[in-house]
Amino acid sequence: MRFRSINPPRQAGVSLFDAVLRGAAPDGGLYVPVTIPQLGRAFFERIRSLSFPEICLEVSRAVLGEDVPDAALQEIVNSALDFPVPLVRLSSSLSILELFHGPTLAFKDFGARFMARLMAHLVCDLPRELTVLVATSGDTGSAVAHAYLGTPRIRVVILYPSGRVSEAQEKQFTTLGQNIFALEISGAFDDCQRLVKQALADAELNKKLPLSSANSINVARLIPQMFYYFSGYAQLPDTGAGPVFAVPSGNFGNLTAGLMARRMGLPAAHFLAATNANDEVPEFLRSGCFVPRASRTTLSTAMDVGNPSNFARMLDLYGGDVAAMRKDIWARSVNDEQTQRTMREVHERFGYLLDPHTAVGFTAWEIFQKEQKSPNSGVVLATAHPAKFAEVVERATGTRPAMPERLSASLVKPKRATPLPAQFAALREFLLS
Ligand SMILES: *Cc1c(COP(=O)(O)O)cnc(C)c1O
């Protein structure tokens with residue numbers, strides 16, 4: 001599989017090694033597969049009899065089979081994706097795909113764990129230690145930190161916006177030690193993301209220090225995020241009509257992976273791009289103009305992104321054709337008040353607790369259903385465990401979600417983070433010191 005930058009002019013593709021280790025292309029563009037492989041009809045005829053690891057292996061063989069020996073691929077899949085992905089049916093036409101059963105209780109575990117193992121496989125005979133940079137608005141940091149903890153010859157540096165992640169999130173990536181370092185940036189998530197991009201684009205720095213990124217810009221994270229769409233489909237009864245996936249979105253990596261899965265043959269009817277008040281993408285689909293803005297703070301903090309990094313990839317997937325995008329993607333922005341109301345109503349009606357991110361996706365599905373009278377069944381992607389956002393959930397529903405033990409364990413450990421201004425010079429100095 002070759003990968004190309006989305007920036008013009010079209011260049012010859014680079015290898016998996018280059019795409020994953022560089023994170024972004026030298027021209028600053030994101031990498032996308034030169035061609036997206038197809039999964040044949042036979043795969044979809046068998047898919048309901050396959051286990052989750054079997055589905056993951058078949059999809060990853062189609063994408064990575066030329067580059068990674070099968071034994072290594074099996075090892076990566078089996079150790080990265082060793083937790084369940086249950087589809088919870090709330091009614092005959094509505095299900096929740098729970099993506100939060102990994103070690104850090106959010107869907108980012110899929111991308112992070114797969115990428116860490118794939119990267120470790122790719123760098124096993126590099127001469128020098130690799131530094132992996134990651135900007136986080138909360139959940140990426142914990143997923144990446146846990147995924148890379150103890151990985152030999154890889155150092156991870158996490159940049160996060162000071163005071164803008166929950167304490168539980170912060171503790172998950174500032175208490176681990178070993179090869180995991182946290183930088184507390186005085187700024188917003190967009191500043192952290194800009195600093196990472198700047199470091200990766202700095203030729204001189206890269207000469208001194210092999211650098212890579214673990215953000216959702218890394219194509220290695222998109223690949224495993226396709227797997228659960230196939231699994232969600234496989235767990236539904238075979239009705240002939242593809243489901244509608246409602247995707248709570250911030251940087252749009254999750255949605256981009258779903259769109260790629262569809263290109264590989266997944267029968268999905270529609271994708272709902274559900275955002276909080278950061279409505280740049282819904283606004284784009286309405287007007288045809290993309291206007292990035294500073295991010296606004298909401299209850300679904302992991303989606304507070306004003307300039308989503310995967311937007312350019314989505315656009316590339318459609319060759320910039322907005323009309324074609326509108327056929328596949330229906331988008332809606334959901335405010336905090338609606339989000340809280342949905343959390344309360346879903347708890348009252350189904351006895352089911354949604355975290356605020358999932359509640360944004362759920363609300364989008366309800367609006368879509370009301371407006372479009374879709375006959376297709378809905379699958380809402382549950383991106384985080386409600387206990388990760390216990391205060392918000394309790395305020396909305398009156399019920400405090402039980403905290404899984406793996407979350408409470410990190411809360412008692414001391415935080416270790418280096419405060420840093422949102423300036424590239426400061427980051428550069430830290431990395432070289
Ligand atoms: C990161 C995150 C999202 C947004 O996912 P993107 O791929 O960035 O669109 C949604 N919910 C939760 C809980 C997250 O951590």
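Read the figures in this text as sums done on the coordinates, not as results from a lab. Here the structure is a predicted model, which means the values were calculated and not measured. All Cβ positions, glycine included, derive from the backbone under ideal geometry; neighbour counts span all protein chains shown.
All C-alpha to C-alpha distances of the range 172-290, sorted into 5 Å bins beginning at zero, yield P(r) values of 2, 9, 14, 16, 17, 15, 12, 9, 5, 2, 1, 0 percent in whole numbers. Normalising the Debye intensity of the range 370-433 to I(0), with uniform scatterers on Cα atoms only, and taking log10 at q = 0.12, 0.14, 0.16 Å⁻¹ returns -0.68, -0.78, -0.83. Averaging the Cα positions of each part gives two centres, and for the range 144-206 and the range 275-298 these lie 25 Å apart. Using the average count of surrounding beta-carbon atoms within 10 Å as a protection proxy, the listed peptides 162-175, 327-340, 349-362 rank, highest first, as 349-362, 162-175, 327-340. Between residue 373 and residue 430, the distance separating the two model label sites (each 7 Å from Cα on the Cα→Cβ line) works out to 5.5 nm.
Measuring how big the range 76-224 is from its alpha-carbon positions, Rg and Dmax come out at 16.1, 57 Å.
Could you tell me what a quarter of the Cα convex hull surface of the chain works out to, in nm² with one decimal place?
Values: hull surface 77.3 nm².
Averaged projected area of the chain's Cα convex hull equals 19.3 nm².
Rank by packing, highest mean first: peptides 420-433, 370-383, with packing defined as the count of other Cβ atoms within 10 Å averaged across residues. Mind dumping the intermediate values first?
Details: 420-433: 14.6, 370-383: 19.2.
Going from most to least packed, we get 370-383, 420-433.
Under 15 Å from the Cβ of residue 44, count the other residues' Cβ atoms, weight Lys and Arg +1, Asp and Glu -1, and hand me the total.
Details: positive: 41, 46, 48, 262, 263; negative: 45, 54, 58, 238.
Combined, the nearby Lys, Arg, Asp and Glu give +1.
Coordinate range of the alpha-carbon atoms in the range 1-100 per principal axis, descending: 48, 32, 28 Å. Per-residue packing, averaged as other Cβ atoms within 10 Å, sorts the ranges 193-202, 392-401 into the order 193-202, 392-401, beginning with the highest. So which of 171/207; 197/327; 388/413; 171/208; 108/171 end up more than 22 Å apart by C-alpha? Check vs 22 Å cut-off fails for 171/207; 197/327; 171/208. Of all DSSP bridge pairs formed entirely within the chain, close to 20 percent run antiparallel.
Note on the range 89-239: dipole from Cβ charges, positive end direction compared against 228, 144, 165; the farthest Cα belongs to 144. Of interest is the spacing of the C-alpha centroids, which for the range 67-81 and the range 5-29 amounts to 24 Å. Taken over the range 214-284, the ratio of Cα radius of gyration to 2.2 N^0.38 Å equals 1.15.
Given the alpha-carbon gyration tensor of the range 293-417, what are the semi-axes of its equivalent ellipsoid in whole angstrom, ordered largest first, with each equal to the square root of 5 times an eigenvalue? Mind showing how you got there, number by number?
Working: eigenvalues 173, 91, 31 Å².
Ellipsoid half-lengths, sorted descending, are 29, 21, 13 Å.
Could you compute the net charge surrounding residue 300? Neighbours are other residues with a C-beta less than 9 Å from the C-beta of residue 300; K and R count +1, D and E count -1. Don't skip to the answer; put the middle values down first.
On the way: positive: none; negative: 304, 336, 355.
Surrounding charge for residue 300 is -3.
Under 8 Å for C-alpha pairs, at least 6 residues apart: give me the relative contact order for the chain, rounded to a whole percent. Relative contact order of the chain: 18 percent. Count Lys and Arg as plus one, Asp and Glu as minus one, and take only other residues whose Cβ is under 13 Å from that of residue 148; the net charge is then +4.
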